[in-house]
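J.: Submitted below is the structure of interest, expressed as structure tokens.
The values are calculated or read from the model by the stated rules, or taken from the named source; none is laboratory data. Keep in mind that what you see is a predicted model, and the values were worked out from it rather than measured. Cβ placement follows ideal geometry from the backbone for every residue including glycine, while neighbour counts extend to all protein chains displayed. Heads up: the accessible areas ignore ligands, DNA and RNA and are worked out on the full protein's heavy atoms, side chains in. Shrake-Rupley method; radii C 1.70, N 1.55, O 1.52, S 1.80 Å.
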Amino acid sequence: MSDSLASATAAGWVAGTLEISVTFPFEYIKTQMQLQQEASALFAGKDRFRSPFHCAAATVRERGVLGLYRGGLSWAIFGGPRSAVRFGTFETLTAASQRRGMHQRLGTPTADTINGFAAGMAEAALCQTPNQVIAIKMIHDQSPRGPRQYEGWRVTVRRARFPAKF
């Protein structure tokens, strides 16, 4: 592994971990708001939360600040690797496209856009899809309606039969 690839991968890992620590509470609130909608199997006849702010306040009041991270273990586990895959793939594709003269033929902005798109596809396929499946199952499982199906992250992964179920 070249120094630039190792640096890009490490930087991606750190960036992804920091990103998730800041953004997951918003993901949690968004998912809670979606799961209470009438189209959701969890709809209990009325909305529990009046707004995203009410959802955040009620969650903190009932479960503390860490309640906003409930169901976020998969995001924490996948956050670093997800960004490491994206950064590392982009670095590898950029080096390959420069060797093949793609930057000269298409221009750097176009070549970087293509490389970025491909890196994003690799991230989605290898990390983001399994992460979303696990996270939604764990958050969905918190509903007061119906029995709990998963007793934590490991059980969720085992029952989802990864990676075969994508």
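J.: Can you pull out every residue in segment 91-115 that is open to solvent by less than 30 Å² (accessible area, probe 1.4 Å) and assigned to a helix (DSSP H, G or I)?
T.: T94, A96, S97, H103, A111, N115
J.: Right, something else. For segment 73-90, give me the residue count where each residue is open to solvent by less than 60 Å² (accessible area, probe 1.4 Å) and in contact with a Gly (Cβ under 9 Å, 6 or more places away or on another chain).
T.: 10
J.: Could I ask something else about it? Kindly check whether there is at least one residue in segment 23-39 that is among the small types (G, A, S) and within 21 Å of the chain's Cα centre (by Cα).
T.: First pass over segment 23-39, keeping only residues among the small types (G, A, S): 39.
So of that shortlist, the ones also within 21 Å of the chain's Cα centre (by Cα) come out as none.
Taking every residue of segment 23-39 in turn, none turns out to be among the small types (G, A, S) and within 21 Å of the chain's Cα centre (by Cα).
J.: Restricting attention to segment 33-63, and to residues there that are exposed (fewer than 10 other Cβ atoms within 10 Å of the Cβ) and under 18 Å from I136 (Cα atoms), which single residue is modelled with the highest pLDDT?
T.: Within segment 33-63, the match that is modelled with the highest pLDDT is E38.
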